[in-house]
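To start, the structure under review is shown below, and the notes come after it.
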Amino acid sequence: MIRRRHVFAIVRHALLLAWTLVVLFPIGWMVMTSFKDAGDWVSWPARWVPFVDFEPTLMNYRQIFHFGDTGALRREQTEQAYNIWKATFDSVVIVTVASVVSLLLGSTLAYAISRFRTGGPNYPYTVLTIRMLPPIVVAIPLLIYYASLPEAFTWLLGRRVEFFDTYYGLTLLYIVTTLPYVIWMMLAFIDEVPRELEHAARLMGASRLATIRKVVFPLVASGMAVTLLFVFILNWSEFLLALTLSQPKVLTLPVLLNKFQSAVEGRLYGPQAAIGTVVTIPVVVLGFLIQKHLVKGFSFGMIRR
Amino acid sequence: MSAVRLDGIVKRFGATEAVRGVSLDIADGEFVVFVGPSGCGKTTTLNIIAGLESPTSGDVYIGPDRVTDWEPRDRNLGMVFQSLALFPHLTVFDNIAFPLRIKQAPAASIAERVRAVAATVKVTHLLDKKPGTLSGGEAQRVALARTIVVQPAVFLMDEPLSSLDAKLRVDMRTELKRLHASLGATFIYVTHDQAEAMTMADRIVVMHQGRVQQVGPPLVIYGDPANRFVAGFFGVPAMNFIEGELRGDGDGMVFESPAVRLELKGGEATSPRAVTLGVRPEHVRLTRESTGGRATVNLLEPLGDETLVFLDYGGAGSLVAKVDAEDPLAVGDRRGFTFRRDRIVFFDTTTGERILK
């Protein structure tokens, strides 16, 4: 029996290892490419081993971060001068603000749905169907509205309010598109909080808002962390809406990534890989930071009574 | 002033009527226990007093104020919940301090009051722990401390002892009674356990199917039940019920059933009516003579100090008698039995109401 269990364990781990390789291979390849010089990006047979097959270089990073010797491939040779610093700033600001606002709004909405059955029993499903529409369907109509809203504002308020290619234009969009996810995830967590805890708090003198702030939200903190991470990743990697409704003034990292190509040399795989690596880092770091909550948050029903 | 008055409280949930017109005066400082089976409306009534539910009609008064539309927090109440409702993310100290912090008491006085109250209910050594690590009894004390700390005028308790084991539950009853005596506040306590009601209450409110069946001190409820439901709900083992017919011929009345015939003094002439005789096990006496009825012992349940005797007496079910443990009885013995006449009660078989008081 024991031997049999060993065999199972070995097979299981072998399968898991194989799958891990499948998952990590493209990421590893991307990171490796980001350290390769132009000639090694697409050479065949592939160059696998650093220092043996190819000489690692920081050239790509120099280019995207714009420091030191940027080598033969000069900034001027690319179609435009793209600054990753600016794109990083744009991404961080828009995504952070949108994710946090969406989390707070969605959590309070989920509370209302959970406790007051706001919108009737089918409301959560209605909310979800909004997300079943592919973004490509709404991208162009939204573009038309974003283009015409300033005129409407001029007419109504006598003041022009721009939406296209602005920080709040894109932030607003990201809040709206992620809200259904937040509502759904937080609804599951908030439903778990025993109502008696709230009754107790209210009898002890707490208002509804104080009860939410001091009892409900602390108890679903893990769920909020998981939801925040999920929404952050969604927004961080959003491409289509950003491509359609922003740039050139506001430019997020996924859009920048796509722009790194040269008229002379075609796709610039090296700098793209470097950007890809840089873009991945915050997600990984964030994941590690809230790892404790992730474990708790993903095992729904975590509240100890 | 912290008297509580309920005036014609009705609560409907959709088509079901959970509370059907409850009116009650609870005096300042009284310990009142609402008791009844599950779904009798006792918890709903408590929640209406607390303000967690609003009545469909009727009014709640606390002291001189009509509080029917008041928020729970404005009613100066303390409540202990069945689940205790300790906040799992806060330490015991922070749990007890919670109501003080909500009321924005100064930090120094918070620490002082929390420690004082913790000492009263003996949880000082637990102040740094989280509720999840406490035993049932400890959690119970913490929940009490959190309620006591703001010195509410009225304490509401919703089956607070139901999660404890039997021994602890009995100990906590005594402690709650002491606490009530030392605080002098009004206690309104809900339970389905008749023993808890009997041991702690100044007055018991028996509820059934949304209505108050009887209100009175424990011994009155036990000895002088208003109807068959109350008689059957209190007492372990339950009261014996024997269905029969009652006739009066002017100078006496006769209760007659297939197994038992009793002649009663006094009473007026009545046409025969269907009645149910009720007698508690401790008021059934076994005799060696053949006066009264004859019965066969079919089961013995020794309790230590007393023994329960189940008798085949010729009627439906068994007649239960509580006898001294020293009585030499064996299964199969034939005995005569009589009832203590002054403790027999009669109920109308159709309505269940007490008759011939």
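Only residues that are within 12 Å of chain A (Cβ to nearest Cβ) and free of Cβ contacts under 8 Å to residues at least 60 places away in the same chain were counted in the range B:143-154, giving 1. Does B:VAL33 satisfy the criteria of being surrounded by 17 or more Cβ atoms within 10 Å (Cβ to Cβ), under 18 Å from the mean Cα position of the chain (by Cα) and among the hydrophobic types (A, V, I, L, M, F, W, C)? Yes. Scanning the range B:25-57 for residues that are assigned to a loop (DSSP other than H, G, I, E, B) and polar (S, T, N, Q), we see that the one that is farthest from the other protein chains (Cβ to nearest Cβ) is B:THR56. Within the range B:96-121, residues that are within 19 Å of B:VAL80 (Cβ to Cβ) reach partners that are of a type in the set (Phe, Trp, Tyr) with beta carbons closer than 9 Å, at six or more positions or on different chains, in the pairs B:PHE98/B:PHE87; B:VAL114/B:PHE93; B:ALA118/B:PHE93.
For the range A:198-221, residues that are part of a loop (DSSP other than H, G, I, E, B) and within 19 Å of B:GLN104 (Cα to Cα) total 4. Checked against (1) closer than 23 Å to B:ARG73 by Cα; (2) in contact (Cβ under 8 Å) with a residue 12 or more places away in the chain; (3) within 14 Å of another protein chain (Cβ to nearest Cβ); (4) in a helix (DSSP H, G or I), B:GLY132 meets all criteria but (1).
Please enumerate the residues belonging to the range B:58-78 that are within 10 Å of another protein chain (Cβ to nearest Cβ) and either over 18 Å from B:TYR189 (Cβ atoms) or out of contact with any Ser or Thr (no Cβ under 7 Å at 6 or more places or on another chain) (or both). Even if it seems obvious, please write down each step before you answer.
Taking the range B:58-78 and keeping what is within 10 Å of another protein chain (Cβ to nearest Cβ), we get B:71-78.
Matches in the range B:58-78: B:GLU71, B:PRO72, B:ARG73, B:ASP74, B:ARG75, B:ASN76, B:LEU77.
Are any residues in the range A:150-171 in a helix (DSSP H, G or I) and either in contact (Cβ under 8 Å) with a residue 40 or more places away in the chain or within 14 Å of chain B (Cβ to nearest Cβ) (or both), and if so, which ones? Break it down stepwise before answering.
Filtering the range A:150-171 down to residues in a helix (DSSP H, G or I) leaves A:150-157, A:167-171.
Selection gives A:TYR167, A:GLY169, A:LEU170, A:THR171.
Has the range A:179-197 got at least one residue that is assigned to a helix (DSSP H, G or I), farther than 25 Å from B:LEU100 by Cβ and within 14 Å of another protein chain (Cβ to nearest Cβ)? So that I can check it myself, show each step before the final result.
Initially, the range A:179-197 is screened for residues assigned to a helix (DSSP H, G or I), giving A:179-191, A:195-197.
When the remaining residues are screened for being farther than 25 Å from B:LEU100 by Cβ, the result is A:179-191.
Going one step further and asking which of them are within 14 Å of another protein chain (Cβ to nearest Cβ), we end up with A:189.
Checking the range A:179-197: at least one residue is assigned to a helix (DSSP H, G or I), farther than 25 Å from B:LEU100 by Cβ and within 14 Å of another protein chain (Cβ to nearest Cβ).
For B:GLN104, work out the one condition from (1) farther than 28 Å from B:SER163 by Cα; (2) in a strand (DSSP E or B); (3) within 11 Å of another protein chain (Cβ to nearest Cβ) it doesn't fulfil. Only one criterion in (1) farther than 28 Å from B:SER163 by Cα; (2) in a strand (DSSP E or B); (3) within 11 Å of another protein chain (Cβ to nearest Cβ) is unmet by B:GLN104, namely (2). Within the range A:202-214, residues that are over 18 Å from B:LEU156 (Cβ atoms) and more than 7 Å from chain B (Cβ to nearest Cβ) have Cβ atoms under 8 Å from residues that are of a type in the set (A, V, I, L, M, F, W, C) and not in a helix (DSSP H, G or I) in these pairs: A:LYS214/A:ALA206, counting only partners at least 6 apart in sequence or on another chain. Taking into account only those residues within the range B:318-350 that are without any contact (Cβ under 8 Å) to a residue 40 or more places away in the chain and part of a loop (DSSP other than H, G, I, E, B), which is surrounded by the most Cβ atoms within 10 Å (Cβ to Cβ)? Among those residues, the one meeting the criterion is B:SER318.
Scan the range B:195-206 for residues that are under 19 Å from B:ALA238 (Cβ atoms) and surrounded by 22 or more Cβ atoms within 10 Å (Cβ to Cβ) and the total you get is 4.
For the range A:258-287, the candidate set comprises residues that are at pLDDT below 85, of a type outside the set (Lys, Arg) and closer than 20 Å to A:ASN235 by Cα; within that set, the residue that is nearest to the chain's Cα centre (by Cα) is A:GLY287.
The values are calculated or read from the model by the stated rules, or taken from the named source; none is laboratory data. Computed from a predicted model, the values in this text were never measured in an experiment. Positions of Cβ are generated from backbone atoms using ideal geometry, with glycine treated the same way; all protein chains shown enter the neighbour counts.
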